Amino acid sequence: MDFGVVLQTNPPASRTVQLAKLAEAHGFSHVWTFDSHLLWEEPYVIHSAILAETNRITVGPFVTNPSTRDWTVTASVFATLNEMYGNRTVCGIGRGDSAVRVTNGQPASLGELRQAIHVIRELANSRAVDYHGATLQFPWSRGSSLEVWVAAYGPLALKLAGEVGDGFILQLADVDIAAWMIKTVRDAAANVGRDPDALEFCVAAPMYIGTDWAHMRDQCRWFGGMVGNHVADIVAKYGAHGAVPDALTEYIAGRTGYDYNTHGRAENDHVDFVPDAIVDRFCILGTAEEHIAKLEQLRALGMTQFAGYLQHDNKEETLRVYGERVIPALSAHVTAKS
């Protein structure tokens, strides 16, 4: 089982690089960053700095989208980073949220997302691809390797993740919802003749090591607001009761709006509609033992990586405890089971 951290590229960039280096020192395998070029600094520039100052960490966006960047440019970034630092990149991609909404845009269609995944993956794996009627290939790229992991919530997006993704990104750690979503992705993969066991299943949520539950909840309540943006889209399409579990839809009844200027931040001041119970279910909070127990449940469902958001006031301590206690405990369990 792998462990990742999810960082925002807030200035100074050196702080993001420092946290990435600290994550590697504590045994994390992946560093992911938000990708909204207006809200935060350009992630791919910082990815290059992270790769230059680490030895084994894999980096990638969490997540990019088909709309704000030309697909061939995105592929070129990954192929270039792989040439410079070895094959240490991964592409997380979804339909688009903050990156497109702050420009009054709309998330990409699932058809566009499917096409973008194909073009990005083929080019970034040093292969030729048809693009707008032309056959394209990077003449300078040799041996580049890139997996594309798909972030999804709704039934059709989950189906797409299983059909074409190298991995699936689930941005919440509710055990019951994760069970439904992982099964949906696995079934979709099997239905098109793919091996579900060959896919990566990444569960992502805020991780906070501590004992003051009121404080931890307040520091991580923003996450319920962020997830609520996607859930609102699902409810608009499918209704509040139907294609997705009620546990995922009921809490947004009190949602009245969203300000992307505080997107993904602990000081988010418009997420009062998110109750404590949702924070507890969607996030991983508490002592090392409480983290281990919940991660064991998620691992049993098929999770192959846990990626923890660090948008709170306890970054270094959380990384330290994961490195000293949580990661070794999960690794020891896997070794004992194998």
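The values are calculated or read from the model by the stated rules, or taken from the named source; none is laboratory data. Worth saying up front: this structure is predicted, and the values here are computed from it rather than measured. With ideal geometry, Cβ positions are generated from the backbone for all residues, glycine too; neighbour counts draw on all protein chains shown. SASA here: full protein model, heavy atoms, side chains in, ligands and nucleic acids out. Shrake-Rupley method; radii C 1.70, N 1.55, O 1.52, S 1.80 Å.
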So which trypsin sites (Lys or Arg not before Pro) in segment 19-87 end up in coil per DSSP with only 15 or fewer other C-beta atoms within 10 Å? 56
Going by amide H atoms built from the backbone, whose H comes under 5 Å of the H on residue 168, apart from near neighbours? 150, 200, 201, 202
Over the Cα atoms of segment 1-137 the radius of gyration and the largest Cα-Cα distance (Dmax), both in Å, equal 15.0, 47
Per segment 15-79, sqrt(5λ) over the Cα gyration tensor eigenvalues, sorted largest first, in Å, gives 22, 12, 10
Can you run phi through the Karplus equation (6.51, -1.76, 1.60; θ = phi - 60°) for segment 17-24 and list ³J(HN,Hα) in whole Hz, with x for Gly and Pro? 5, 4, 5, 5, 5, 5, 4, 4
Using a Förster distance of 35 angstrom, determine the FRET efficiency expected from the C-beta separation of residue 304 and residue 109, and round it to 0.05. 0.80
Amide H contacts under 5 Å for residue 92, restricted to residues at least 5 apart in sequence or on another chain and with H modeled in the peptide plane, are 64, 149
Modelled label-to-label distance, residue 118 and residue 83, 7 Å Cα→beta-carbon offset: nm? 2.6 nm
Protection proxy ranking of 57-64, 135-142 - average other beta-carbon atoms within 10 Å, highest first: 57-64, 135-142
³J(HN,Hα), Karplus 6.51/-1.76/1.60, whole Hz, each residue of segment 112-122, x for Gly, Pro: 5, 4, 4, 5, 4, 4, 5, 5, 4, 5, 5
3J(HN,Hα) from dihedral phi, segment 160-177, Karplus parametrisation 6.51/-1.76/1.60, rounded to Hz, x for glycine, proline: 4, 4, x, 6, 10, x, 7, x, 10, 10, 10, 9, 4, 10, 6, 5, 5, 5
Consider a paramagnetic label point 7 Å from the Cα of residue 176 along Cα→Cβ; state which residues of segment 290-304 have an amide N under 13 Å from it. none
Report the extension gain between residue 293 and residue 145 in nm, rounded to one decimal, defined as 0.36 nm multiplied by the number of residues separating them, less their alpha carbon distance. 49.9 nm
Largest first and to the nearest Å, give the Cα extent of segment 45-90 along each principal axis. 32, 19, 15
With the 1.4 Å probe rolled over protein heavy atoms, segment 59-98 has an accessible area per residue in Å² of 29 Å²
Using a 1.4 Å probe on heavy atoms of the protein chains only, the accessible area for residue 131 in Å², nearest 10, reads 30 Å²
Nonlocal amide H pairs with residue 309, under 5 Å, H built at 1.01 Å: 6, 205, 207
Using a 1.4 Å probe on the protein heavy atoms, what percent of the accessible area of segment 135-186 belongs to carbon and sulfur? 55 percent
Relative contact order for segment 76-175: what is it in percent, counting Cα pairs under 8 Å that are at least 6 residues apart? 29 percent
